[in-house]
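Chemist: Right, I'll just put the structure down here and ask away after.
None of the figures in this text is laboratory data; all of them are computed from the coordinates on show. It should be emphasised that the depicted structure is a prediction, and the values quoted were computed from it without experimental measurement. All Cβ positions, glycine included, derive from the backbone under ideal geometry; neighbour counts span all protein chains shown.
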Amino acid sequence: MILDIAIYFFVAMELANTIILYLKPEFKYGNSMRAFCAWEDSKKEEKTKLFAKYLVNWVANCKLIFIALLIVVANTGSEQTKIYTIIVTIFSIAVYFITLHPIIRKLDRMGEIRPKGYSVTLAITIAAFIVVFSLALVLHILT
């Protein structure tokens, strides 16, 4: 049960972000593209605007696949499958700190992220997901 709650919590958060990316990528909240100063710059030239929109939709599509798989696991997966899903999700989220965080931190230092310091907020948010999944896993194992 605790694993299902953790999965659905993550699904809800990611689904909200995915909807924002599809429908309103310049939205002020929800880890949208508005945090990146370059998002506005990308709109100045048609080919750059289309390229940026393609990349945003590609990310949203990848998120949607991940969300759909998590829903299937939560609804039909065995206990063992859910445990492995939580472990793999923890590692997949943690990849952010190796691949994306160094980039957004550098952009933040360059003044290309708004509000200033957002890279820290995002790191804390992503770390919180890891903590929530880890706690759910530990609680599930202990109960």
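Chemist: For segment 30-43, take each phi angle, set θ = phi - 60°, evaluate the Karplus expression 6.51 cos²θ - 1.76 cosθ + 1.60, and give the result in whole Hz per residue in order, putting x for glycine and proline.
Modeler: x, 6, 7, 6, 4, 5, 9, 4, 5, 4, 5, 4, 5, 7
Chemist: Can you give the direction-averaged projected area of the convex hull of the alpha-carbon atoms in segment 87-143, in nm²?
Modeler: The number I arrive at for segment 87-143 is 3.9 nm².
Chemist: Restricting to lysines 8 or more places apart or on different chains, can you count the pairs in the chain with Cα atoms under 19 Å from each other?
Modeler: 14
Chemist: By Kyte-Doolittle mean hydropathy of at least 1.6 and Cα axial length of at least 20 Å, which whole DSSP H helices of the chain are selected?
Modeler: Once both thresholds are applied, what remains is 2-23, 118-142.
Chemist: Which order do Ile103, Ile93 fall in if you start with the one that has the fewest other Cβ atoms within 10 Å?
Modeler: Ile103, Ile93
Chemist: Phe27's amide H: which non-local residues (gap 5+, or another chain) put their own amide H closer than 5 Å, with H modeled 1.01 Å from N in plane and none for Pro or chain starts?
Modeler: Placed amide hydrogens put Met33, Arg34 under 5 Å from Phe27.
Chemist: Another question, then. What residue among Phe36, Phe51, Phe129 has the largest mean-square fluctuation in a Gaussian network model of the chain, using Cα springs under 10 Å?
Modeler: Phe51
Chemist: Still on this structure, I have one more. Eigenvalues of the Cα gyration tensor times 5, then square-rooted: what semi-axes does that give for the chain, in whole angstrom, largest first?
Modeler: Equivalent ellipsoid of the chain: 31, 17, 11 Å, largest first.
Chemist: Further question on the same structure: Grab the DSSP H runs of the chain that are 4 residues or longer, score each as -39,500 (n - 2.57), total them, divide by all residues and round the 222 nm result to the nearest 500 deg cm²/dmol.
Modeler: -26000 deg cm²/dmol
Chemist: Taking other Cβ within 10 Å of each residue's Cβ, how do Ser119, Ser92, Ser32, Ser134 sort, fewest first?
Modeler: Listed from fewest to most nearby Cβ atoms, that is Ser92, Ser134, Ser32, Ser119.
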